[in-house]
Amino acid sequence: MNLNSLRSIDIHDHVAIVYESQQKKVEVLAEMVRIGLERNERCVLATVEGKDMADNLRRAGIDVDRASANGALIIEDCDKTLLESRIFDPEAAIERFKGSIDRALDEGFAGLRSFNSSFLPAAFINLDLLLDFESKMGQVASEMKVVRVSLYDLNVQEPDVIINAILSHPIIVLRGIVCNNFFYIPSDQLTSPKGGSPEMYRLMDHLIDVHHNELSLKQSRDELESANVLLRDEINKRRMVEWALLVSELRYRNTLDSLNEPVHVIDRDYRIIIANRALETLGDRLGVDFRCVGRHVSEAFPFISKDELAEYDRVFTKRETIISQRTYDLENGRVWTEVSKVPIMDGDRVANVTTIIRKVNEKERSTWK
């Protein structure tokens, strides 16, 4: 882990630390605190760890007692603050934040370095409110002497939270690497995309991949000087394509999640690449696990017949929509459905098949042949 790259983070920066282990989190956090103290910035850590965080910083060689005594280091319990307030008030929070920056400057510090664990209980805030809050906080950060740092735990937080974090922070510290985020969208333009683990890890891998490419360019600048313009163009084109594909897929997922009918999408290998929330909810109701992204359709739904699998063959080869009446015997009883298999075209070939499942009521069943 190249902790020295953390020195590139400075006043006005808005940073997300995405971590997979407590050890890596502490290493990055301790180094960022060390840098802040060296630069005479007041470091405020609002965490749920309290005394444990102080002990971790001590083990990293930071004189916590001295820094705390002179006001350079403040460790707050964000969980306690939230529980006392009961209701999240964005305007009041922004005013408190601005007041903290002003007090740090009045007391002789060069600025404020603010660290926040990103665990906000759902009862206190929804995503749209959070995005509006982040947009206003971003304006404060651009105008005042502050470094804002949010921490995200891959093992605890939902993939769509991590995706939103990556999209809404201009700088990402990922696997100990400081990445300038070409996926960044200002919070006032972000439309709450959602996604699962595949989208999340692909987004993270893209960030690391392009970061490494850019480092390679810098390291071989002399040899590549004559080709720099071409290479930059190629990287920019690649970024645009990757971004367009990701946003398209996330928007598609959002659309499917808005439907009441269970839906899933398979690729040409018959593996499920998207399943909406209604399908997962149906599975929970029937006592079947329909969290099936990445699985072969016959593995995810072992009760479907060879005849139904043959319908997928027809959709892929003949490019036609097939609507059929299906009865499934599951653990919690029999289910009558109307199943639509719809081709998704890529040029003149079927790239994917969307399956829409509609539960049929007793009156409709009486008309079945």
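A short reminder: the numbers here are calculations on the coordinates, not readings from a lab. The shown structure was predicted, so the numbers you read here are calculated from the model rather than taken from an experiment. When we count neighbours, we look across all protein chains shown, and the Cβ atoms used for this are built from the backbone with ideal geometry, even at glycine.
With a Förster radius of 45 Å applied to the beta-carbon distance between ARG358 and ASP63, the computed FRET efficiency rounds to 0.10.
Under the simplified labelling scheme, the ASP132-SER305 pair shows an inter-label distance of 5.3 nm, with each label point 7 Å from Cα along Cα→Cβ. As a proxy for reagent exposure, ranking ILE62, ILE17 by other Cβ atoms within 10 Å from fewest up yields ILE62, ILE17.
Taking amide hydrogens as placed 1.01 Å from N in the peptide plane, the amide H of VAL147 sits under 5 Å from those of HIS12, LEU112, ARG113, SER114, each at least 5 positions away in sequence or on another chain.
Taking a ≥ b ≥ c as the square roots of the Cα gyration tensor eigenvalues, with a/c under 1.5 meaning rounded and otherwise prolate when a/b beats b/c, else oblate, which class fits the stretch 263-369?
oblate
Summing Cβ point charges (Lys, Arg +1; Asp, Glu -1) relative to the Cα centre of the stretch 263-365 gives a dipole of roughly 180 debye.
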